[in-house]
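The values are calculated or read from the model by the stated rules, or taken from the named source; none is laboratory data. Please read all numbers here as calculations on a predicted model, not as lab measurements. Quick reminder, even Gly has a Cβ in these numbers, built from the backbone with ideal geometry, and neighbours come from all protein chains shown.
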Amino acid sequence: MLNIKIFGIVQGVGFRPFVKNLADANKIVGNVANRGSYVEIFAQGDDFNLKNFLNALQTKNPPRSAILKVDSNFLPDKTFFDFKIVESVHESGDIFVSPDISICEQCKEELFDKNNRRYLHPFINCTACGPRLTILKNMPYDRERTSMSDFPMCDACKNEYFDKNSRRFDAQPICCNDCGCEVYIIGKNLRGHDAIKFSRKILAQGGIIAIKGIGGFHLACDARNFSAIQRIRTSKIRPNKPFAVMFKDISAIQRECLLSDVEKSFLDSPQKPIVLLNKKIGSIAQNVAPNINKLGVLLPYTPLHLLIFDFPDEIKNFPDALIMTSGNPSGVPISIDDDDAIKNFDFCDAILSHNRRILLRADDSVADFVENRPSMIRRSRGFAPLPIFFASNKKSVLALGGELKNTFCLAKNDLFYASPYIGDCENLQTVEILEKSIDRMKNLLEIQPEVVICDKHPRYHTSELAKTISDALNVPLIKIQHHYAHILSCLAENNHHGEVIGVAFDGTGFGDDKTVWGGEFFICDTKNYERAASIEPFLQAGGDKSAREGWRIALNFINLDIARELSLSDEKNMRGVKFLLEKDINCVVSTSVGRIFDAIAAILGVCKVSTYEGEAAMRLQALAEKSVHKSQISSKFMTTAEIFHEILNRRLNGENICDLARLFHERLAEMAAQMIFGLSERSKIKNVALSGGVFQNSLLTTLLTEKLRQFGLKILLHRLIPCNDGGICLGQAIFAAQT
Ligand code: ZN
Ligand code: ZN
Ligand code: FE
């Protein structure tokens with residue numbers, strides 16, 4: 001008899017029924033069971049059949065499953081009469097929780113098949129698709145441990161659930177039009193199909209609907225309707241930040257955006273992320289993503305989304321593009337229940353909800369493409385909490401992440417589980433949700449942290465929470481420098497253990513010398529770092545405002561006459577800031593590259609005040625990409641101040657703003673490259689890791705990597721984990737795991 005243990009994503013993807021079918025086909029007797037962390041099989045049969053069975057297990061695994069390891073060994077034979085699926089026995093170990101999976105092609109067909117008993121059923125799913133993480137209470141993944149435990153199955157569903165030949169054999173979230181969850185309009189007596197028709201009517205007339213999805217609510221409206229979009233902007237206090245657009249299908253996307261084959265397959269993958277695509281001139285309203293060239297695009301990923309776009313009712317010409325933005329007040333995590341929705345979405349024309357509880361939030365994931373490969377900007381639904389492997393001391397760790405765009409990371413046995421997106425922890429409500437999410441994931445993954453790690457920043461709310469948690473658990477608390485954690489996160493996802501030159505270009509992070517860092521060159525490995533260089537320090541005047549108002553940074557480099565000529569701000573403000581800078585009052589020393597972008601955007605008249613993090617840099621990149629000129633390479637090394645003055649002088653000479661935006665990117669890449677070459681020659685290190693939010697700028701990243709490659713250096717980039725603060729929890733975690 002063979003005893004086989006299969007590790008990986010083998011839960012919630014129809015693995016046990018797959019095993020039973022294979023066993024039956026190969027005349028194998030025995031059984032299969034979920035062991036929480038792995039699937040265990042006892043298989044008995046003749047040698048030939050056993051060999052085929054084992055081979056098929058590893059090569060024909062069901063869609064969405066991912067086998068990471070197979071252990072098998074021989075045991076003495078036992079008496080079996082057939083092959084059985086054993087009910088779950090719980091054992092702890094390495095746990096792989098499946099993320100949520102978008103609706104599959106077969107379920108899509110059944111959804112619109114009049115003869116199918118799930119015709120137009122907004123929760124249709126099967127063994128290969130549907131919600132997973134967001135409805136899961138505990139492992140192993142069985143119906144009674146999900147929020148589907150609220151819904152007893154009808155006889156027809158039960159039959160499918162227990163029939164090994166059914167596509168829904170052992171599918172935990174299974175239900176139908178006669179049993180299970182239901183959609184409804186909050187505050188109105190409209191349920192099921194009536195609720196969907198009502199929502200479609202409002203959307204077609206230019207209204208706004210809050211829609212409960214898999215991982216939280218979205219706000220939706222016609223993406224061609226300028227005034228509806230403006231209403232969402234005003235209510236969410238989000239004047240310029242781009243909104244994502246959900247398109248009915250690929251052809252609608254192709255009408256509005258350029259779409260390459262690789263982008264298309266990623267967009268249409270089971271994860272269905274938001275992908276940033278280059279806009280064409282089309283019918284999408286100008287205020288969807290103002291002042292940038294890209295549009296965040298996604299495809300419908302739940303049956304409810306499909307029914308909203310396409311329903312057999314009297315509405316003709318329903319929009320094929322809808323704004324689909326996370327439903328949350330500014331700065332607070334996405335809403336997941338009706339009470340929250342009623343409180344937050346009073347400006348909506350209706351709220352389309354449902355009664356399947358969301359147990360863990362999951363925002364949509366967002367990816368850009370850099371050098372023709374996806375690069376995550378927000379890693380959440382569909383991806384989190386799949387682990388990253390990194391060999392360490394196998395210590396159990398909790399890493400709290402940064403403050404903005406927070407995610408946290410739990411680790412055990414060299415597996416690092418970065419959480420779904422939480423949000424901006426400047427807001428105390430977000431911190432509360434962070435604390436609850438940590439608890440939930442800790443239970444789900446059965447991790448008892450032996451060490452807690454957080455950012456060095458003394459005033460981050462996440463640092464406070466880290467202290468509270470480590471005290472309660474009575475385990476050590478470690479603090480780590482922000483940009484070193486950025487670089488470590490890049491090393492972790494590239495599984496790189498050796499020394500690197502780490503370049504962290506970022507917005508803001510607390511430096512070891514208590515100044516603001518963000519333009520750092522480290523020589524480091526996973527245990528130690530040396531700040532080998534940085535960009536030239538300058539002053540940020542006026543506290544928090546200096547992180548939003550680039551003209552304040554620009555005043556470092558220019559006198560008031562030029563500031564007036566460029567009308568950077570009003571006279572009183574400019575005099576005030578210049579005074580602070582000259583007397584060094586309410587100023588902090590800074591090496592933030594993010595702020596240099598802000599200052600350049602200000603003197604080019606592109607963006608003097610940012611309304612969201614990274615706005616100035618995104619607008620500058622958008623302009624640079626419009627430039628047709630490639631600038632000449634400067635022969636001598638230029639500091640950031642020298643680059644600033646070159647751009648300024650050319651601007652005062654009336655040169656084209658797009659060309660100057662492009663020149664700035666090139667000069668910055670050139671400066672970084674020269675610094676890196678110098679450090680590489682000195683240290684003989686040939687590996688370079690790029691991290692920090694500034695590298696979300698794909699133009700800068702591409703320009704710099706091209707230069708570094710020419711010089712024979714190997715570049716480590718982020719792909720799976722964001723280079724922004726949404727990624728630092730991983731870097732923190734691998735550091736703590738080695739202690
Ligand atoms: Zn399906
Ligand atoms: Zn049913
Ligand atoms: Fe950062």
Candidates Ser392, Ser375, Ser380 - the one that is in contact with a strand residue (DSSP E or B) (Cβ under 6 Å, 6 or more places away or on another chain), of a type outside the set (A, V, I, L, M, F, W, C) and in contact (Cβ under 8 Å) with a residue 24 or more places away in the chain: Ser375
Checklist (1) away from ligand 2 (no atom under 14 Å from the Cβ); (2) buried (at least 19 other Cβ atoms within 10 Å of the Cβ); (3) aliphatic (A, V, I, L, M) applied to Met153, failing item: (1)
Test for Ile657: is it at pLDDT below 95 and touching a Gly at 6+ places or on another chain (Cβ under 8 Å): no
Ile469 vs. criteria touching a helix residue (DSSP H, G or I) at 6+ places or on another chain (Cβ under 6 Å), more than 16 Å from ligand 3 (Cβ to nearest atom) and assigned by TED's automatic domain parsing to the domain that holds Gln429: no
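Out of curiosity, is Gly509 modelled with pLDDT of 95 or more and either aliphatic (A, V, I, L, M) or not assigned by TED's automatic domain parsing to the domain that holds Lys405 (or both)?
It is true that Gly509 is modelled with pLDDT of 95 or more and either aliphatic (A, V, I, L, M) or not assigned by TED's automatic domain parsing to the domain that holds Lys405 (or both).
Yes or no, residue by residue, for (1) surrounded by fewer than 22 Cβ atoms within 10 Å (Cβ to Cβ); (2) at pLDDT 95 or above; (3) of a type in the set (D, E, K, R); (4) assigned to a loop (DSSP other than H, G, I, E, B):
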residue	(1), (2), (3), (4)
Pro270	yes, no, no, yes
Leu277	no, yes, no, no
Asn287	yes, yes, no, yes
Asn291	yes, no, no, yes
Matching residues in segment 131-150 - criterion: being within 16 Å of ligand 2 (Cβ to nearest atom) and among the basic types (Lys, Arg): Arg143
Elements of type strands (runs of 3 or more DSSP E) in segment 154-240, at least 1 residues being out of contact with any helix residue (DSSP H, G or I) (no Cβ under 6 Å at 6 or more places or on another chain), at pLDDT 95 or above and under 24 Å from Pro329 (Cα atoms): 209-212, 217-222
Residue that is nearest to ligand 2 (Cβ to nearest atom), among those in segment 156-168 that are of a type outside the set (Phe, Trp, Tyr) and in contact with a Phe, Trp or Tyr (Cβ under 9 Å, 6 or more places away or on another chain): Glu160
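Out of segment 242-258, which residues are out of contact with any Lys or Arg (no Cβ under 7 Å at 6 or more places or on another chain) and surrounded by 18 or more Cβ atoms within 10 Å (Cβ to Cβ)? Steps first, please.
First, the residues of segment 242-258 that are out of contact with any Lys or Arg (no Cβ under 7 Å at 6 or more places or on another chain): 242-249, 251-255.
Correct list: Pro242, Phe243, Ala244, Val245, Met246, Phe247, Lys248, Ala252, Ile253.
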Filtered residues of segment 489-500 (kept if within 29 Å of Gly550 (Cα to Cα) and among the β-branched types (Val, Ile, Thr)): none
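Name the residue, out of Phe123, Phe162, that is more than 26 Å from the chain's Cα centre (by Cα) and either in the same structural domain as Val39 (by TED's automatic domain parsing) or of a type in the set (Phe, Trp, Tyr) (or both). Before you say what the answer is, go through the steps one by one.
Numbers: Phe123 fails: more than 26 Å from the chain's Cα centre (by Cα).
Only one candidate passes the filter, namely Phe162.
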Residues being modelled with pLDDT of 80 or more and surrounded by 11 or more Cβ atoms within 10 Å (Cβ to Cβ) - total across segment 79-98: 7
Selection status of Ile596, within 21 Å of His645 (Cβ to Cβ) and over 31 Å from the mean Cα position of the chain (by Cα): no
Of the criteria (1) part of a loop (DSSP other than H, G, I, E, B); (2) at pLDDT below 90, which one Val70 fails: (1)
Residue within segment 535-548 that is within 21 Å of Val694 (Cα to Cα), assigned to a helix (DSSP H, G or I) and among the β-branched types (Val, Ile, Thr) present: no
Neighbours by Cβ (under 6 Å, 6+ apart or cross-chain): first from segment 150-167, touching a residue at least 24 places away in the same chain (Cβ under 8 Å); second assigned to a loop (DSSP other than H, G, I, E, B) and more than 16 Å from ligand 1 (Cβ to nearest atom): Cys154/Asp178
Considering residues of segment 47-65 that are in contact (Cβ under 8 Å) with a residue 12 or more places away in the chain, farther than 28 Å from Pro99 by Cβ and surrounded by fewer than 19 Cβ atoms within 10 Å (Cβ to Cβ) only, the residue farthest from the chain's Cα centre (by Cα): Asn49
Looking only at segment 111-146, and only at residues there that are crowded, with 19+ Cβ neighbours inside 10 Å and in a helix (DSSP H, G or I), the one that is nearest to ligand 1 (Cβ to nearest atom): Leu111
Elements of type strands (runs of 3 or more DSSP E) contained in segment 332-429, each with 3 or more residues being surrounded by fewer than 24 Cβ atoms within 10 Å (Cβ to Cβ) and not hydrophobic (A, V, I, L, M, F, W, C): 373-378
Residue in segment 319-331 that is acidic (Asp, Glu) and out of contact with any Ser or Thr (no Cβ under 9 Å at 6 or more places or on another chain) present: no
